[in-house]
């Protein structure tokens, strides 16, 4: 039995932070430098009172509205987030209720970041193959902006908030999901982390004004850029190789490469290292930023709408990052 | 393995413009131009030009162009 992506919807919060605004806050920065290196001109940021559940509901409603679906279409909700509303209950249960999905539908959060879309596809494929579900609503929703220190110009430049909703089905759809490979390496856990606020370490509660060294404050998102970059240089070539092998697909037969949109600098380097032609490698983050688990579905939605893909196209998806964790798969495009 | 002059040229290329007074013995981590973007660019340059995979911790042992050159020689 196949697994298909039937439709995708994207929700970007209304509030945008432009490079000019960032330069206003951090005058030592120059706009050209930021824009050229990271390939991001503006990013969406959730409102102060807008949380992952709210964004997930909006993405789910958009998916149903845009495609004339009713909530009883779905028999499962998977929600990928690393910024849940609460420790418990799982955010997915609250979203099930607010979207009026039937109570016969299962609901669960998965905690994964930049590889989260691939993990979600893998779980959906497993649930469909086992006959547990036939129509899955898979939502990614992230408010990393709430994890980031207001004075952390690096992370504020790179990350944007977003939510996406994907309808995954046992019935024919836009694209068929191929074999999935997953991987993880917790030795890199310290390099991308929000250390405080869960069970092991309480939030220090140090006032932002008193903050001297953002990197040493465990209350906020910490990213060791060089370490993460170094990780991707090692992990992504292996991920691509294993994804192609799993799908018996020679690299030359791939029509499109859709990688997690981390930042342009890193993706340009990876593309050259992997010898991928520029015209097959999709970059799409200029007006939304790195939206963590939402980057891949945002690229897919945009490519569907711009009619980039042709029937029969083979599309490689690669997600990698926080954990460390990674995942890859191949989509065969039908028609939109 | 290229000579030290080529290596120096590659190293300087990681900065948007050549830092003033950068000798092969300058502790490059303490010049104002050194930031996390430069660290990324250094890793990218070592990968591109010398095809070497590094561990950040061992890379941190090299603090001057001369030391970095020796490090790269030991790796390739």
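Looking at residue A:320, is it assigned by TED's automatic domain parsing to the domain that holds residue A:238, within 13 Å of the chain's Cα centre (by Cα) and closer than 26 Å to residue B:38 by Cα?
yes
Within the stretch B:17-43, how many residues are free of Cβ contacts under 8 Å to residues at least 24 places away in the same chain and touching a helix residue (DSSP H, G or I) at 6+ places or on another chain (Cβ under 7 Å)?
Result for the stretch B:17-43: 7.
Taking residue A:168 as meeting all but one of (1) in a strand (DSSP E or B); (2) within 15 Å of the chain's Cα centre (by Cα), write down the number of the exception.
Unmet for residue A:168, out of (1) in a strand (DSSP E or B); (2) within 15 Å of the chain's Cα centre (by Cα): (2).
Within the stretch A:217-336, which strands (runs of 3 or more DSSP E) (wholly inside it) include 2 or more residues that are within 14 Å of chain B (Cβ to nearest Cβ)?
Correct list: A:221-223.
Among the residues that make up the stretch A:274-286, is at least one of them modelled with pLDDT under 95 and surrounded by 23 or more Cβ atoms within 10 Å (Cβ to Cβ)?
Looking through the stretch A:274-286, at least one residue is modelled with pLDDT under 95 and surrounded by 23 or more Cβ atoms within 10 Å (Cβ to Cβ).
All but one of (1) at pLDDT below 90; (2) surrounded by 20 or more Cβ atoms within 10 Å (Cβ to Cβ) hold for residue A:236; state the number of the condition that does not hold.
The single condition residue A:236 does not satisfy is (1).
So which of A:188, A:183, A:179, A:173 ends up being modelled with pLDDT of 95 or more and within 14 Å of chain B (Cβ to nearest Cβ)?
Testing whether each residue is modelled with pLDDT of 95 or more and within 14 Å of chain B (Cβ to nearest Cβ) leaves just A:188.
Just checking, which of A:51, A:4 is away from chain B (no Cβ under 14 Å) and under 16 Å from residue A:144 (Cα atoms)?
A:51 is the lone residue from the list that is away from chain B (no Cβ under 14 Å) and under 16 Å from residue A:144 (Cα atoms).
Return the total of residues in the stretch B:42-62 being at the interface with chain A (Cβ under 10 Å from one of its Cβ atoms), part of a loop (DSSP other than H, G, I, E, B) and more than 20 Å from residue B:9 (Cβ to Cβ).
Of the residues in that region, 3 qualify.
The values are calculated or read from the model by the stated rules, or taken from the named source; none is laboratory data. All values derive from a computational prediction rather than experimental measurement. Please note: Cβ atoms are built from the backbone with ideal geometry, for glycine as well, and neighbour counts cover all protein chains shown.
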